1. Residues to consider are HIS87, HIS65, HIS52; find the one that is touching a Ser or Thr at 6+ places or on another chain (Cβ under 9 Å) and farther than 26 Å from GLU200 by Cα.
2. For region 42-78, what are the residues that are at pLDDT below 90, among the charged types (D, E, K, R) and open to solvent by 70 Å² or more (accessible area, probe 1.4 Å)?
3. What number of residues within region 17-36 satisfy the criterion of being surrounded by 10 or more Cβ atoms within 10 Å (Cβ to Cβ) and under 22 Å from SER63 (Cα atoms)?
4. Can you tell me which residue is nearest to the chain's Cα centre (by Cα) among those in region 53-67 that are under 12 Å from ILE14 (Cβ atoms) and touching a residue at least 12 places away in the same chain (Cβ under 8 Å)?
5. Examine region 194-201 for a residue that is acidic (Asp, Glu), outside any strand (DSSP E or B) and either open to solvent by 60 Å² or more (accessible area, probe 1.4 Å) or in contact with a Leu (Cβ under 6 Å, 6 or more places away or on another chain) (or both), and state whether such a residue exists.
6. Within region 97-151, can you find the residues that are without any contact (Cβ under 8 Å) to a residue 24 or more places away in the chain, open to solvent by 20 Å² or more (accessible area, probe 1.4 Å) and part of a strand (DSSP E or B)?
7. Could you tell me whether TYR39 is of a type in the set (Phe, Trp, Tyr), open to solvent by 100 Å² or more (accessible area, probe 1.4 Å) and either touching a residue at least 40 places away in the same chain (Cβ under 8 Å) or part of a loop (DSSP other than H, G, I, E, B) (or both)?
8. Sort out which residues of region 164-178 are in contact with a strand residue (DSSP E or B) (Cβ under 9 Å, 6 or more places away or on another chain) and in a loop (DSSP other than H, G, I, E, B), and write them in order of number.
Amino acid sequence: VKAGECYFIPAGTIHAIGKGCLICEIQQNSNLTYRVYDYARRDKDGNLRELHVEKALKVTKLSKHENKTLQGDTLGVSKYFNVRKLHAKNCVLQANPRSFQCITCVDGQGELDGQSIRKGDSFFVPAGYGDYQIKGEVQIIMTEIKHYYIGIDLGGTFIKGGIVDDTGNILISDKVPTESEKGAGRVALNIANLGKSLLEKLNLTVSDMVGVGIGVPGMIDSGK
């Protein structure tokens, strides 16, 4: 791993933090962690720390996971939280009216609503807090809860699709051939497969979506 990189690790994925890594870890609220290997480290009493191999085997996902490159400033997406990296310089930000914002400074220094902020500091902005000002120049990681939607554009040659959040940010997009010459059933299948592919790339499911919007070309019957 290298400085500045970000990895999304789905629940049930075995992972390790190597020597010399300083990380900013953001996760769903959980008090449960299974330890499967511990480099022979010992606790304060000199005993080897407990391992949970059998328990871990029951919940571990053995399928390979590959991190996908997301669009814009988004670092990670899940149904529990959304993470973005922002460059803020003498600006005013607005709190999410429906969600907290957890802000971690990863570089630079300045002030956040009169409070000193520098690398390593974290702030919790309550939902509906309103506008807040950042003075100076900082790189921040912002975590909040978002709602997600699938958008589909049905065209004659291609079907384009994307997943957006409730602030209009496009998180990921793709397109597939329409294949209208193969009939309506094939077009419907291509739409469904495109939606499924987009969800898989973000580790989301249909139940995580608030809604779906589809743009379909055609004549309008104004008499109805």
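The values are calculated or read from the model by the stated rules, or taken from the named source; none is laboratory data. Keep in mind that this is a model prediction, so the values were computed, not measured. Methodologically, a virtual Cβ is constructed for each residue, glycine included, from the backbone with ideal geometry; neighbour enumeration extends over all protein chains shown. Remember, those area values only see protein heavy atoms, side chains included, never the ligands or the DNA or RNA. Shrake-Rupley method; radii C 1.70, N 1.55, O 1.52, S 1.80 Å.
1. Step by step, each of HIS87, HIS65, HIS52 is checked, and only HIS52 is touching a Ser or Thr at 6+ places or on another chain (Cβ under 9 Å) and farther than 26 Å from GLU200 by Cα.
2. LYS61, LYS64, GLU66, LYS68
3. 5
4. HIS65
5. Yes; the residues of region 194-201 include at least one that is acidic (Asp, Glu), outside any strand (DSSP E or B) and either open to solvent by 60 Å² or more (accessible area, probe 1.4 Å) or in contact with a Leu (Cβ under 6 Å, 6 or more places away or on another chain) (or both).
6. Scanning region 97-151 gives GLN115, SER116, ARG118, SER122, PHE123.
7. So TYR39 fits the description; yes.
8. ASP166, ASN169, THR178
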